[in-house]
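The values are calculated or read from the model by the stated rules, or taken from the named source; none is laboratory data. The structure displayed is predicted, hence computed values, not measured ones. So basically every Cβ, Gly included, is an ideal-geometry build from the backbone, and we count neighbours across all protein chains shown. Protein only, heavy atoms only, side chains kept; ligands, DNA and RNA dropped before computing areas. Shrake-Rupley method; radii C 1.70, N 1.55, O 1.52, S 1.80 Å.
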2 protein chains.
Amino acid sequence: MAADKLRGVFAPVVTPFNNDLSINLPAFVAHCQRLVADGAGVAISGTNSEACSETFEERMALVDAVIDAGIPGERVLVGTGCCAIGDAVALTRHAIDRGCAGVLVLPPFFFKNVQEDGVFAYYRELIQRVDDPALRVVLYHIPAMSGVPITLSLIERLVAAFPTQIAGVKDSSGDWDNVMAMLERFPALSIFPASEILMLRSLALGAAGCISATNNINARDIALAYGSVTEAARLNDSITSVRKAAERFPMVAAVKHTLSLLAGDAGWRHVRPPLVPLAADAALQLSQAMATAMPALRGVALPA
Amino acid sequence: MAADKLRGVFAPVVTPFNNDLSINLPAFVAHCQRLVADGAGVAISGTNSEACSETFEERMALVDAVIDAGIPGERVLVGTGCCAIGDAVALTRHAIDRGCAGVLVLPPFFFKNVQEDGVFAYYRELIQRVDDPALRVVLYHIPAMSGVPITLSLIERLVAAFPTQIAGVKDSSGDWDNVMAMLERFPALSIFPASEILMLRSLALGAAGCISATNNINARDIALAYGSVTEAARLNDSITSVRKAAERFPMVAAVKHTLSLLAGDAGWRHVRPPLVPLAADAALQLSQAMATAMPALRGVALPA
């Protein structure tokens with residue numbers, strides 16, 4: 001893994017499924033290659049990837065497929081957080097072995113109201129068992145799903161105990177104050193908001209980029225805005241429009257629906273339970289909103 | 001799996017860990033054998049088993065160990081719910097192959113605010129992929145941990161679609177009204193409250209028994225009370241006292257601490273992160289409360 005600070009625009013890549021809900025690996029690789037060509041990195045096995053709905057073997061296979069296809073490991077983050085430390089250790093070692101830049105680690109998310117000591121012990125056990133100087137951990141704060149927050153005091157303890165291994169935080173809380181607090185207190189960490197709108201507000205304050213679902217459909221513009229203040233100013237409204245159109249709907253289904261429009265392939269709409277595809281009325285609303293927001297969809301005939 | 005209605009007192013067996021947090025399999029088997037000798041069945045891989053903190057292979061090995069030790073499959077339930085349907089299918093098939101009486105299935109618990117259609121689809125996929133006439137599913141309602149409730153309307157849809165496979169519900173909500181509502185609406189199902197106190201109130205109304213953490217420390221009395229209204233009347237206060245003493249503390253740590261007192265083996269106190277053992281003051285309070293509540297502990301010298 002890279003010793004440099006992790007930076008950039010990463011897409012938490014959505015996973016295409018076949019009709020029988022098995023993974024469409026060629027479509028997945030092609031999607032990742034497009035994203036990298038557009039200037040983004042790929043975050044495999046994130047929330048938007050439906051990683052928790054995938055088996056251990058499937059998660060390994062997705063990483064292997066991307067690396068085997070020649071995407072440089074430095075452009076790859078891998079979600080390896082699991083409720084069981086043993087599983088997280090194995091997925092993390094695999095990501096390091098394949099040369100990935102870092103791992104994005106959920107706290108254990110079954111038990112709730114756990115003590116900070118217990119969450120600290122989870123990360124400590126993970127880091128100590130992996131025991132590899134190449135390990136770079138991005139802590140994953142997504143309390144609305146995990147139910148277990150990555151608090152500022154937890155980050156502080158982990159950074160103090162493992163200064164080289166704790167590389168950053170992905171903040172999916174959507175809470176601007178929390179992004180600001182992390183940027184102030186942890187300037188050495190890579191802070192990734194989960195929305196490009198928050199990234200645009202926080203880049204000048206030290207944010208490392210973003211790991212945002214809508215990079216799956218808008219990576220080129222977001223990467224341009226990340227790379228240049230001029231482009232950021234030029235693209236701000238357009239990027240914001242696309243994000244806001246998607247945010248009105250359940251995110252995974254919304255991103256996959258939009259990809260189905262961009263690719264002209266309804267297969268992109270498959271999600272695994274417990275997620276469901278957008279209902280017909282929501283799909284139509286999103287299609288219309290995206291046709292307005294995205295230049296690439298203007299003039300395209302839109303099925304629901 | 002048995003065609004008869006599932007009934008009885010089941011202990012969601014806690015898992016003993018060695019100092020390095022690996023599973024102490026001999027101690028686990030001995031604990032299960034004691035429970036069965038005391039009149040309880042064993043529910044392996046439940047919440048109190050810290051199943052979500054165990055790898056797939058560990059969960060399989062625990063089932064194998066119990067069956068290989070000669071505990072009859074009809075006394076064994078297995079928790080097989082996972083976020084990934086593929087994992088749940090494999091664990092469920094394994095439980096059926098080993099002759100276990102039924103499987104206890106959590107809803108997928110990473111995504112929150114999911115639609116009922118999505119949770120229904122999860123169980124439908126599981127049942128259809130397992131595709132075995134021996135399958136008996138006990139739905140697992142534990143909203144405080146899973147974040148995804150098993151609603152009455154979901155149960156109704158599942159029973160209508162899979163009348164032979166949906167065998168019951170474990171209700172860990174602690175909500176008496178919900179137990180009552182299920183008993184009224186689903187008389188053909190095995191309804192298991194997660195507390196022996198609620199079991200004692202609901203047995204005459206049709207409850208099937210209980211799947212309760214405190215069976216790990218009090219199985220003999222609870223099984224006696226389950227089997228006889230006379231014993232239930234005689235033991236009601238004592239059973240209630242033990243349960244209430246445990247309920248004041250985080251349950252897994254409290255049960256394990258009490259087992260450490262009963263067995264004279266501090267090794268029972270190990271838990272895996274994110275859980276933590278009881279702090280010293282809580283351990284002392286619990287020790288004192290249990291010394292009062294449990295005849296087996298009267299006169300025993302109690303370490304903290």
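Remarks
- Excluding ligands, DNA and RNA, the accessible surface per residue across region A:8-228 is 32 Å² with a 1.4 Å probe.
- In nanometres and ascending order, the distances from the B:Asp64 label point to those of the other copies are 2.2 (point 7 Å from Cα along Cα→Cβ).
- Label-point separation, B:Gln285 to B:Asn113 (7 Å along Cα→Cβ), nm: 3.5 nm
- Scanning chain A for cysteines with no neighbouring cysteine C-beta under 4.7 angstrom from their C-beta gives A:Cys32, A:Cys82, A:Cys100, A:Cys210.
- Per-residue shielding of B:48-56, expressed as the average number of other chain Cβ atoms within 10 Å of the residue Cβ, stands at 5.
- Fraction of the pair-distance distribution of the protein assembly as shown above 49 Å, Cα-Cα pairs, percent: 15 percent
- Region B:46-101-region B:104-135 distance, computed between alpha-carbon centres (Å): 16 Å
- Peptides B:172-179, B:115-122, B:183-190 ranked from most to least packed give B:115-122, B:172-179, B:183-190, packing being the mean of other C-beta atoms within 10 angstrom over each peptide's residues.
- Euclidean distance of C-alpha centroids, region A:214-288 and region A:136-158, integer Å: 26 Å
- Note on chain A: with charges restricted to the Cβ of Lys and Arg (+1) and Asp and Glu (-1), its dipole about the Cα centre is near 460 debye.
- Extending 7 Å from the Cα toward the beta-carbon at both A:Leu21 and B:Gln33 defines two label points whose distance is 4.1 nm.
- To put it simply, the accessible area of chain B at a 1.4 Å probe is 53 percent carbon and sulfur.
- With contacts taken as Cα pairs under 8 Å at a separation of at least 6 residues, chain B carries a relative contact order of 19 percent.
- Secondary structure note: in the protein assembly as shown, about 5% of the DSSP beta bridges are antiparallel.
- Model label sites at A:Ser238 and A:Arg185, defined 7 Å from Cα along the beta-carbon direction, differ in position by 3.8 nm.
- Take the accessible area of A alone and of B alone, subtract that of the pair with a 1.4 Å probe, and the total buried over both chains is about 3000 Å².
- Distances, shortest first, from the label point of B:Ala161 to those at the same position in the other copies read 4.3 nm; the point lies 7 Å along Cα to C-beta.
- For the residue pairs B:Lys5/B:Lys170; A:Lys5/A:Lys112; A:Lys112/B:Lys5; A:Lys112/B:Lys112; A:Lys5/B:Lys112; B:Lys112/B:Lys244, the C-alpha atoms sit more than 21 angstrom apart in A:Lys5/A:Lys112; A:Lys112/B:Lys5; A:Lys5/B:Lys112; B:Lys112/B:Lys244.
- What the Cβ-Cβ distance of B:Asp68 and B:Leu205 gives, at R0 = 51 Å and to the nearest 0.05, is a FRET efficiency of 0.85.
- Note on region B:8-235: along the principal axes its Cα atoms extend 42, 41, 31 Å, ordered by decreasing extent.
- For the peptide B:101-111, the mean number of other protein chain Cβ atoms found within 10 angstrom of a residue's Cβ is 4.
- Counting Lys and Arg as +1 and Asp and Glu as -1 over every other residue whose Cβ lies under 14 Å from the Cβ of A:Trp268, the net charge comes to +2.
- Within chain B, the whole DSSP H helices whose Cα atoms reach 15 Å or more along their own axis and whose mean Kyte-Doolittle score is at least 0.0 are B:25-37, B:56-68, B:85-97, B:251-263, B:280-293.
- Close amide H partners of A:Gly209, meaning residues 5 or more places away or on another chain with modelled amide H under 5 Å apart, are A:Gly8.
- Inter-copy separations for B:Asp132, label at 7 Å along Cα-Cβ, nm, ascending: 3.5
- GNM result for chain B, Cα springs below 10 Å: residue of B:Pro274, B:Pro26, B:Pro149 fluctuating most strongly: B:Pro274
- Each 10 Å bin from zero up to the one holding the largest Cα-Cα distance in region B:180-304 carries the following percent of pairs: 13, 41, 29, 15, 2.
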